[in-house]
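The values are calculated or read from the model by the stated rules, or taken from the named source; none is laboratory data. Source: prediction; values computed, not measured. Please note: Cβ atoms are built from the backbone with ideal geometry, for glycine as well, and neighbour counts cover all protein chains shown. Side chains are part of the model used for accessible areas, which takes the heavy atoms of the whole protein and leaves out ligands, DNA and RNA. Shrake-Rupley method; radii C 1.70, N 1.55, O 1.52, S 1.80 Å.
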Amino acid sequence: MAHLLGAESIRIAVGSRLLLDDVTLGIGDGGRVGLLGPNGAGKSTLLAALAGAREVDGGRVTRSGGTRVAMLAQSDDFAPGDTVRTAVHGDAPEHEWASRAPIRDIHAGLLADVDLDARVAALSGGQRRRVALAAVLTAQADVVILDEPTNHLDVEGVDWLARHLRARFNGPGGRASGALVTVTHDRWFLDAICTNVWEVVPGVDPGGGRPQVAGRIETYDGGYAAYVLSRAERARQAAVAAAKRENLLRKELAWLRRGAPARTSKPRFRIEAAEALIADVPPPRDTVALTAMATARLGKKVLDLEDVTVRYPVSASRADEAGGADAPAEREVLRHVTWRLAPGERVGVVGVNGAGKTTLLRLLEGVQEPAGGRVARGKTVQVATLSQSTHELDALADLRVVEAVAMVGERVVVGDKEMTAAQLVERLGFTRQRAWTRVGEVSGGERRRLQLLRLLMTEPNVLLLDEPTNDLDTDTLAAVEDILDSFPGTLVVVSHDRYLLERVTDHQVALLGDGSVRDLPGGVEQYLQLRREAVGSRGAGASAGSAESTTTRTTGGDPAERSASSGARRHEARKALGRIERKMERSAQAVAALHVRMEEVSADPARVGELAELGRELVAAEASHAELEEQWLEAAEMVES
């Protein structure tokens, strides 16, 4: 694999903070690298250094002769008068780029709904982002560096981008060449495209005039799943080493503390050994632990949309595009939708832009009324909504993070332990120094953490999440998923993050733009297939008819009764599945405990009788566990059906 781009012992500092030191990296032809790390660790700064957009403070960045680099930054810098055409292709004549199949693929994947002669300044934020991404992908570059390329892309767009990048940078054995480095928090995307993962482990500033511990880069082979497994194994090995170090340290410290008269006469090598053990202790990882709060009780009825229709007025420009005076004055986003949420239901929502995903959440939240039909709410329902932006924190900009949490509650009981606001903030992943930072000065990811904690402290029993993965790093995302796993209420998630949807929800529904809410037994993959078929056929009538025939809104008979009974059966099946899983966990623990006891007893020849009895217990325990597995399979089939 030919070397294209690398770094040799580089040092990067921002102000007085030392981000990275003595970092050596390299990427070759066909390499696809995902860069991970917590917010503020220096990922974007490292990308800028590799791209040559900023100077390093030590060491050097290396490129093989003639290597061209193109970079997508988190913010664009289009000229005020740029059109989409000039922003993407510059002054190149159309026949030069339009004749190339890869360029046409980029236009179809990113710019299908954008007028090439429109001014970039007049586009929405999402459209501007796609134009910037298209400009980088169409550039003649050997190394492409992408900083959060999936921002503003829906599930369909992320799927297209993954397929495009795999085809372009498909390794030495393929026809394409070049290399890719990307920062993204979309774990499905990482798993789909990456051949390697670089993790930025942040440094530590102990304060008090003591020297900083610089951050470092840890490298892993494979995509996100392989990274998680390798990281877990490294953590296990580090724990074993730490346990050995602790035992040695305890002995050395006990020796050093013996008798005051002897302290000044201890051999120097023993003191040096203790100092070496202490110095070898690595800085702790800045972990994130989000705390699940108590939730209010839910009754049998949660939220029901009954024959709901929502319309929006059509703008003059869109009316002209749709047929002028003959075009309808209003557009139906939702049309006669009946949809019922059961207690404890966990549903993910996907759909094309403008199909009504946010409208659906606003109806459930109660901040928008339908044009037709009604929204029925249970008496005990307490809804909390995590919006796409953190604008509600703007009013708290002058408060410290701790004070912002204390506004919701000074103290809260977690399990059997009462915790203060300061302790909760620390559990949330803020260091003591960051906990006393003003809300207006914290990073986007830290604002998101604070927003979610304040939301959960209100003790909701229905949680609506609108793009919850925005600005969160992978460690925080894992912590968010952990808390959502234990959330006992009803959960509705709108997200383009496929990994999150498949991880925390039990099933998904789609808004395809035809006014219906369609169930997806095949999950996100079924949605993508439906979209490909719709784009391929371009038959509006056939597409609408197909969607109408399989929508969750049924015709004839009593649709409300059928929907309620189906939801209840699914809910009971999920409850049974949960009970079996808890039994399986206890059973597995019992089997493991028997193995440990047998290992201990087998070392003593005098305990042969006890060993035989344990063997019989183990056979019975394993048979019981196998029976539970059969029950789990049956219950899982019922849930899926």
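Quick notes on this one:
- Scanning the range 169-194 for residues that are open to solvent by 50 Å² or more (accessible area, probe 1.4 Å) and at pLDDT 85 or above turns up Trp188, Asp191.
- Lone qualifier among Ala435, Ala422, Ala384 - being in contact with a Pro (Cβ under 7 Å, 6 or more places away or on another chain), over 22 Å from Glu148 (Cβ atoms), in contact (Cβ under 8 Å) with a residue 12 or more places away in the chain and surrounded by 15 or more Cβ atoms within 10 Å (Cβ to Cβ): Ala384
- Identity of the residue in the range 89-114, out of contact with any helix residue (DSSP H, G or I) (no Cβ under 7 Å at 6 or more places or on another chain) and part of a loop (DSSP other than H, G, I, E, B), that ends up surrounded by the fewest Cβ atoms within 10 Å (Cβ to Cβ): Asp91
- Within the range 479-521, considering residues that are within 15 Å of Asp466 (Cα to Cα) and among the polar types (S, T, N, Q), the one surrounded by the fewest Cβ atoms within 10 Å (Cβ to Cβ): Thr505
- Per-region count, the range 462-473, residues at pLDDT 75 or above and more than 19 Å from Gly348 (Cβ to Cβ): 1
- Among the residues making up the range 362-381, those that are in a helix (DSSP H, G or I) and touching a residue at least 60 places away in the same chain (Cβ under 8 Å) are Leu364, Glu365.
- Only one of the listed residues (Arg250, Arg236) is at pLDDT below 75, among the basic types (Lys, Arg), assigned to a helix (DSSP H, G or I) and on the phi < 0 side of the Ramachandran plot. That residue is Arg250.
- Some residue of the range 141-152 being part of a loop (DSSP other than H, G, I, E, B), over 19 Å from the mean Cα position of the chain (by Cα) and modelled with pLDDT under 95: yes
- Within the range 523-536, the set of residues being more than 18 Å from Leu500 (Cβ to Cβ) and not basic (Lys, Arg) comprises Gln529, Leu530, Glu533, Ala534, Val535, Gly536.
- Subset of the range 67-85 that is within 30 Å of Thr45 (Cβ to Cβ), open to solvent by 50 Å² or more (accessible area, probe 1.4 Å) and at pLDDT 90 or above - its residue that is nearest to the chain's Cα centre (by Cα): Met71
- In the range 503-512, residue nearest to Gln529 (Cα to Cα) [restricted to those that are in contact with a strand residue (DSSP E or B) (Cβ under 8 Å, 6 or more places away or on another chain) and not in a loop (DSSP other than H, G, I, E, B)]: Ala510
- Selection status of Ile10, part of a strand (DSSP E or B), surrounded by 18 or more Cβ atoms within 10 Å (Cβ to Cβ) and within 26 Å of the chain's Cα centre (by Cα): no
- Residue within the range 75-89 that is in contact with a His (Cβ under 9 Å, 6 or more places away or on another chain) and not aromatic (Phe, Trp, Tyr) present: yes
- Single residue of the range 22-59 satisfying the filter (open to solvent by less than 50 Å² (accessible area, probe 1.4 Å) and charged (D, E, K, R)) that is modelled with the highest pLDDT: Arg32
- Only a single criterion out of (1) closer than 21 Å to Asn461 by Cα; (2) open to solvent by 30 Å² or more (accessible area, probe 1.4 Å); (3) part of a loop (DSSP other than H, G, I, E, B) is not satisfied by Gly344, namely (2).
- Scan the range 347-361 for residues that are more than 30 Å from Ala576 (Cα to Cα) and in a strand (DSSP E or B) and the total you get is 1.
- Hits in the range 452-467 - residues which are polar (S, T, N, Q) and either within 16 Å of the chain's Cα centre (by Cα) or open to solvent by 10 Å² or more (accessible area, probe 1.4 Å) (or both): Thr458
- Highlighted here are the helices (runs of 4 or more DSSP H) found entirely within the range 531-641 that include at least 1 residues which are modelled with pLDDT of 75 or more and open to solvent by 50 Å² or more (accessible area, probe 1.4 Å): 559-601, 608-640.
- Flag for Leu153 being among the hydrophobic types (A, V, I, L, M, F, W, C), touching a Ser or Thr at 6+ places or on another chain (Cβ under 6 Å) and open to solvent by less than 30 Å² (accessible area, probe 1.4 Å): no
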